[in-house]
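*Asks:* I have a structure I would like to understand better, so I am pasting it below and will then ask my questions one at a time.
The values are calculated or read from the model by the stated rules, or taken from the named source; none is laboratory data. Please read these numbers as outputs of a predicted model, since none were measured by experiment. Methodologically, a virtual Cβ is constructed for each residue, glycine included, from the backbone with ideal geometry; neighbour enumeration extends over all protein chains shown. All accessible areas refer to the heavy atoms of the entire protein, side chains included, with ligands and DNA or RNA removed. Shrake-Rupley method; radii C 1.70, N 1.55, O 1.52, S 1.80 Å.
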Amino acid sequence: FDKYFQIAPCFRDEDGRADRSPGEHYQLDIEMAFVEQEDIFKTLEPIFFELFNKFGKGKVVSKPPFKRIKYEDSMLKYGTDKPDLRNPIEIFDVTSIMKRDDVKLEIFKKLIKKGSIVRAIPAPNSSSKARSFFDEFNNWAKEEGGKGLGYILFEKNNGKIKGKGPIAKFFSEDAINDIVHKCSLKENDAVFFSCDTKKNVERISGLARQKLGKELNLINNNTFEFCWITDFPMYQFNEEEKKIDFSHNPFSMPQVKIENFDDAEPLSIKAYQYDLVCNGYEISSGAIRNHLPDLMYKVFSKVGYSKEEVNNK
């Protein structure tokens, strides 16, 4: 058979999670042969569009083709691989600005020297809010396991946008202007800064983006916003065991040709894996399968499996 589908009752032996299918659910499972990733997207998008139009109680549904976002871009712009695109806030990397001589925020500079990065999370039309609003965000970030959030408010003064707030004095006028430009900020906006390791800063900035979206009433609850997250990393560094490990599905097709695979740096290799996300929830996922035995051996060799071990297991 070159393709099939099944609508199957599933019973999964795993813990229930608030943002995931429960242990018992019905699943539309599709297998297709001789296809590229784009063929799968074109097959599935009309199905989801019709389903959500029929059962979505009149809400507006994204029209095909759905937006495609690379995993790396999603983690930068939204701090998650399950972005809620109803929220217009995008996150920006401002590490290079924070390293400059005309920025005197020493606490960030010390962390950057140790490998931390800085992400900026804009807060549209919020500069007029009480000081307590910003302090509460800082405290909330610490409760979530982050290092807190610095912030700057932006107001117009003599025709120019000026920064104010507890840390604004550490920035030159040029640095303020560059932050405004980089983050597409306007008069009456504010911006929060998170400085931490890449993993932690993505998590905190992503949570802050969600929290700001809700508290500033930026989320349109009358829409279903779909997107595909693509180009997931094939491998990741296992911090506990201090070694390279698989990131997701080891049987996915890597985006590196077999003749170049041995020379490829593991953490740079992407896979043909994808998730379908709607309003911040992963609702479907899949991959192009690796159908080449010789390439499969190479894929497993990157994490330390010999050909004999692959055969035995």
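*Asks:* Compute the length gained on full extension between Glu90 and Glu309: take 0.36 nm times their separation in residues and subtract their Cα-Cα distance, giving the result in nm to one decimal.
*Replies:* Numbers: separation 219, 0.36 × 219 = 78.84 nm, distance 4.48 nm.
Taking Glu90 through Glu309 to full extension adds about 74.4 nm, to one decimal.
*Asks:* Would you report the distance distribution of C-alpha pairs in the chain as whole percents per 20 angstrom bin, up to the bin with the largest distance?
*Replies:* All Cα pairs considered, the percentages come to 26, 51, 21, 1.
*Asks:* Let me know the Rg and Dmax you get for region 200-239 when you use only its Cα atoms, in Å.
*Replies:* Final numbers for Rg and Dmax: 14.7, 41 Å.
*Asks:* Name the trypsin sites (Lys or Arg not before Pro) in region 76-114 that are in a loop by DSSP and that have at most 10 other C-beta atoms within 10 Å, would you? Mind showing how you got there, number by number?
*Replies:* Details: sites: Lys77, Arg86, Lys99, Arg100, Lys104, Lys109, Lys110, Lys113, Lys114; in loops: Arg86, Lys99, Arg100, Lys104, Lys114.
Filter output for region 76-114: Lys114.
*Asks:* Please list, in order along region 217-231, the HN-Hα scalar couplings obtained from phi with the Karplus expression 6.51 cos²θ - 1.76 cosθ + 1.60 (θ = phi - 60°), rounded to whole Hz, x for Gly and Pro.
*Replies:* 6, 9, 8, 8, 7, 9, 9, 10, 9, 9, 7, 9, 9, 10, 6
*Asks:* Give me the one-decimal nm value for the distance between modelled label points at Asn138 and Val35, 7 Å along each residue's Cα-to-Cβ direction.
*Replies:* Distance between label points: 5.2 nm.
*Asks:* Picking from Ala264, Ala175, Ala120, which is most flexible by a Gaussian network model of the chain using Cα springs under 10 Å?
*Replies:* Among Ala264, Ala175, Ala120, the largest GNM mean-square fluctuation belongs to Ala264.
*Asks:* Quick one: of Lys3/Lys42; Lys211/Lys270; Lys59/Lys214; Lys199/Lys243; Lys67/Lys147; Lys257/Lys302, which pairs are farther than 24 Å apart, Cα to Cα? It would help to have the intermediate numbers written out before the result.
*Replies:* Numbers: Lys3/Lys42 15 Å; Lys211/Lys270 31 Å; Lys59/Lys214 19 Å; Lys199/Lys243 17 Å; Lys67/Lys147 33 Å; Lys257/Lys302 15 Å.
Those over the limit are Lys211/Lys270; Lys67/Lys147.
*Asks:* Please give the FRET efficiency for Asn53 paired with Leu28, using the beta carbon to beta carbon distance and R0 = 22 Å, rounded to the nearest 0.05.
*Replies:* Numbers: r = 16 Å, r/R0 = 0.74.
Efficiency, rounded to the nearest 0.05: 0.85.
*Asks:* Counting other C-beta atoms within 10 Å, and keeping those with at most 11, which DSSP coil trypsin sites (Lys or Arg not before Pro) do you find in region 221-264?
*Replies:* Working: sites: Lys242, Lys243, Lys257; in loops: Lys242, Lys257.
Listed in order of number, the matching sites are Lys242, Lys257.
*Asks:* So, one more: Whole number please: convex hull volume per residue, Cα atoms of region 97-146, in Å³. All intermediate terms of the calculation are to be shown ahead of the outcome.
*Replies:* Details: hull volume 5.6 nm³, N = 50.
Residue-normalised Cα hull volume stands at 113 Å³.
*Asks:* Go ahead and collect, in residue order, the members of region 63-104 whose backbone nitrogen is under 17 Å from a label point 7 Å along the Cα-Cβ direction of Lys198.
*Replies:* 70-81, 92-96
*Asks:* In what order, largest first, do Met234, Met296 sit by accessible area if the probe radius is 1.4 Å? Let's see the in-between values first.
*Replies:* On the way: Met234 5, Met296 35 Å².
Putting Met234, Met296 in descending order of accessible area: Met296, Met234.
*Asks:* Specify the inter-centroid distance of region 226-284 and region 44-121, based on alpha-carbon positions, in whole Å.
*Replies:* Their Cα centres are 18 Å away from one another.
*Asks:* Nearest 20 debye, what's the magnitude of the dipole of the chain about its Cα centre given +1 on Lys and Arg Cβ and -1 on Asp and Glu Cβ? Walk me through the intermediate numbers first.
*Replies:* Numbers: 49 positive and 50 negative charges, 282 e Å.
Roughly 1360 debye for the chain.
*Asks:* Further question on the same structure: Springs between alpha-carbon pairs under 10 angstrom, Gaussian network model over the chain: which of Asn139, Asn188, Asn157 fluctuates most?
*Replies:* Asn157
*Asks:* Using 1/(1 + (r/R0)^6) with R0 = 30 angstrom and r between the beta carbons of Asp262 and Lys42, what's the FRET efficiency to the nearest 0.05?
*Replies:* Details: r = 34 Å, r/R0 = 1.13.
Taking R0 as 30 Å, the efficiency between Asp262 and Lys42 is 0.30.
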